[in-house]
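The values are calculated or read from the model by the stated rules, or taken from the named source; none is laboratory data. Just so it is clear, the structure is predicted and the values come from calculations on it, not from any experiment. Cβ: placed from backbone, ideal geometry, glycine included. Neighbour counts: every protein chain shown.
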Amino acid sequence: MLLCIDAIYTQDNIDHDAWGSQADPEAAKESAHRLKRLAERESAMIVFGHDPAQWRSLRHTPEYYD
């Protein structure tokens with residue numbers, strides 16, 4: 001797993017090359033593409049920081065409450 005968190009907010013950022021919400025869109029785009037290549041090379045799953053659809057699809061640890 002590659003935790004991209006705030007480097008790549010959502011799958012939509014990659015799918016549509018949408019970086020306008022970042023402070024430096026060009027640097028964000030370059031970093032994201034570098035991370036994507038790394039994930040592909042290592043066969044790692046990218047985990048986005050703010051993608052509700054992906055979050056629902058991920059397996060979560062059980063909640064432990066008394």
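So the values come out like this:
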quantity	calculated
Cβ-Cβ under 6 Å pairs, at least 6 apart or on other chains, segment 3-25 side surrounded by 15 or more Cβ atoms within 10 Å (Cβ to Cβ), far side outside any helix (DSSP H, G or I) and of a type in the set (D, E, K, R)	Thr10/Asp51
Residues within segment 1-60 that are acidic (Asp, Glu) and not in a helix (DSSP H, G or I), tallied	4
Residues of segment 26-44 that turn out to be surrounded by 13 or more Cβ atoms within 10 Å (Cβ to Cβ) and either in contact with a Pro (Cβ under 6 Å, 6 or more places away or on another chain) or among the hydroxyl-bearing types (Ser, Thr, Tyr) (or both), as a count	1
Selection status of Asp12, at positive phi and of a type outside the set (S, T, N, Q)	no
Any hit, segment 56-64, residues being surrounded by 10 or more Cβ atoms within 10 Å (Cβ to Cβ) and modelled with pLDDT under 95	yes
